[in-house]
Each structure stands twice: as structure tokens, then as C-alpha cells.
Amino acid sequence: MWLSLYAYLGLHAIYRTAEWWSLAKTDTIQLELKRDWTAGLIAIPFLLVIVSPIFEVGYFTNQPGYVLWIVGTLFFAAAIVVRTKPHLDLKRAFSLFIEKKEGQKLVEMGLYRYIRHALYLGNLLLFIACSLFLGARFSWIFTLLGLAGILIRIRIEEQFLLKDIEGYREYRQRTWALFPRVF
């Protein structure tokens, strides 16, 4: 059990380090909090899906098998790449909140050539990784809540971007929201 928990925490440390590095490299580490209730649609399930597998493993003392470790690690690796690369592509256009920054232009490079909400895909990959890696059962509830939050936030954000970002309507027609060839 302890080895699983240490490995899980180690993977989270790698994930957080990669994300902080990309935020620091693009100078988008934001300390200013704004009133945007939609951020909670993802942030609350995000925290719950990270913490709940730890409690679940401790309470039920289940030991995940090697297959779950391997598949979970692959999802962690995908989450790291899919969260880090879009930060680098967005550069200073990244924000935790739905807002338009001064001089902001549409970003259509990297994953954004195909997916409009690549960072949300990274969140979803992390949600799945957390539940898989420790073989958690109840954490899938928070993964589904996180997916619902992502879908709601995408809908709200899309309306904002259609109104406030030049060329977004055309960009929306030639790209996928979250999953290529699916949605």
C-alpha cells in the first residue's frame, strides 16, 4: 500500500513541477484571484479526485495491481504532456479565468491546431490517471463530476470566445472542442 501511495505522490510531484515550470517559463503564474465561479467547476473536482484515492486506498486497504499502475502511469504521462505543451503554446494568453487579455490573439499552434480546449483534456487525463493508478472506485464519481464541469465550462467559454476573440467562429468550425473526431 505504501509503495503505491509514494509512487502516486511522486507522479503528482512530477505533474505539478512540469506545470509550474511551464507557467514560470511563460510568465503566467497568476496570484491575483478573480471572481469567476466557473473555475470551481473544474477546481473542486480536481482537488477531490487527487485526494480521494489516497483516502480510499487507506480506508479500504486495497492494493492496485501492476496493470493499473502501468496504465495509470501512462495517463499521468499523457496528462503532463497535454498540460505542459498547451501552456507553452498559449504563452501569455493563458488564464485560469474566462477573460480577454489586452492584445490577446487566437492561438492556433501545437495541440490548438486540432483541439480548442487542450488544457481541459489534460485535466481529464489527470482525473482518469488518479482513479486508475490507485485502483480507486469511488474517485470515479469525482472524475465524472470533473468531466461535467469541463463540459459546462467549455460551453460558457465558447460563448465568450465567439463574442470576444476575432476569428474564433472560423477556428471553431475547423477544430474539435476536446477529443479529435469525437467532440
Residues of region 155-181 that turn out to be of a type outside the set (A, V, I, L, M, F, W, C), surrounded by 14 or more Cβ atoms within 10 Å (Cβ to Cβ) and in a helix (DSSP H, G or I), as a count: 5
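Between Tyr120, Tyr59, Tyr114, Tyr66, which is under 18 Å from Phe183 (Cβ atoms) and over 15 Å from the mean Cα position of the chain (by Cα)? Spell out the reasoning first.
Details: Tyr120 fails: over 15 Å from the mean Cα position of the chain (by Cα); Tyr59 fails: under 18 Å from Phe183 (Cβ atoms); Tyr66 fails: under 18 Å from Phe183 (Cβ atoms).
Of Tyr120, Tyr59, Tyr114, Tyr66, the one residue that is under 18 Å from Phe183 (Cβ atoms) and over 15 Å from the mean Cα position of the chain (by Cα) is Tyr114.
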Subset of region 39-98 [basic (Lys, Arg) and either farther than 22 Å from Leu145 by Cα or not in a helix (DSSP H, G or I) (or both)]: Lys85, Lys91, Arg92
Some residue of region 65-79 being more than 24 Å from Phe142 (Cβ to Cβ) and touching a helix residue (DSSP H, G or I) at 6+ places or on another chain (Cβ under 6 Å): no
Filtered residues of region 117-141 (kept if touching a Leu at 6+ places or on another chain (Cβ under 8 Å) and part of a loop (DSSP other than H, G, I, E, B)): His117, Leu134, Gly135
Hits in region 119-140 (condition: surrounded by 23 or more Cβ atoms within 10 Å (Cβ to Cβ) and small (Gly, Ala, Ser)): Gly122, Ala129, Ser131, Ala136, Ser139
Hits in region 69-81 (condition: small (Gly, Ala, Ser), within 11 Å of the chain's Cα centre (by Cα) and buried (at least 18 other Cβ atoms within 10 Å of the Cβ)): Ala79
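Could you go through region 32-43 and let me know if any residue there is modelled with pLDDT under 90 and more than 25 Å from Ile156 (Cα to Cα). Before you say what the answer is, go through the steps one by one.
At the first step, the residues of region 32-43 found to be modelled with pLDDT under 90 are 32-43.
Still in the list and also more than 25 Å from Ile156 (Cα to Cα): none.
Within region 32-43 (the criterion being modelled with pLDDT under 90 and more than 25 Å from Ile156 (Cα to Cα)), the answer is no, since none of the residues qualifies.
Yes or no: Thr84 closer than 27 Å to Lys25 by Cβ, crowded, with 17+ Cβ neighbours inside 10 Å and either over 16 Å from the mean Cα position of the chain (by Cα) or polar (S, T, N, Q) (or both)? Don't jump to the end; show me each part of the working.
Values: closer than 27 Å to Lys25 by Cβ: yes; crowded, with 17+ Cβ neighbours inside 10 Å: yes; either over 16 Å from the mean Cα position of the chain (by Cα) or polar (S, T, N, Q) (or both): yes.
Yes, satisfied.
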Inter-residue pairs, beta-carbon under 7 Å, first at pLDDT 90 or above and of a type in the set (Lys, Arg) and in region 164-180, second surrounded by 12 or more Cβ atoms within 10 Å (Cβ to Cβ) and in a loop (DSSP other than H, G, I, E, B), 6+ apart: Arg172/Arg116
Selection count, region 99-115, where residues are in contact with an Asp or Glu (Cβ under 8 Å, 6 or more places away or on another chain) and either part of a helix (DSSP H, G or I) or buried (at least 20 other Cβ atoms within 10 Å of the Cβ) (or both): 3
Matching residues in region 155-177 - criterion: being more than 16 Å from Val107 (Cβ to Cβ) and either over 17 Å from the mean Cα position of the chain (by Cα) or among the aliphatic types (A, V, I, L, M) (or both): Ile156, Gln159, Lys163, Gln173
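The values are calculated or read from the model by the stated rules, or taken from the named source; none is laboratory data. Because the structure is a prediction, the values reported are computed rather than measured. Backbone-built Cβ (ideal geometry, glycine too); neighbour counts: all protein chains shown.
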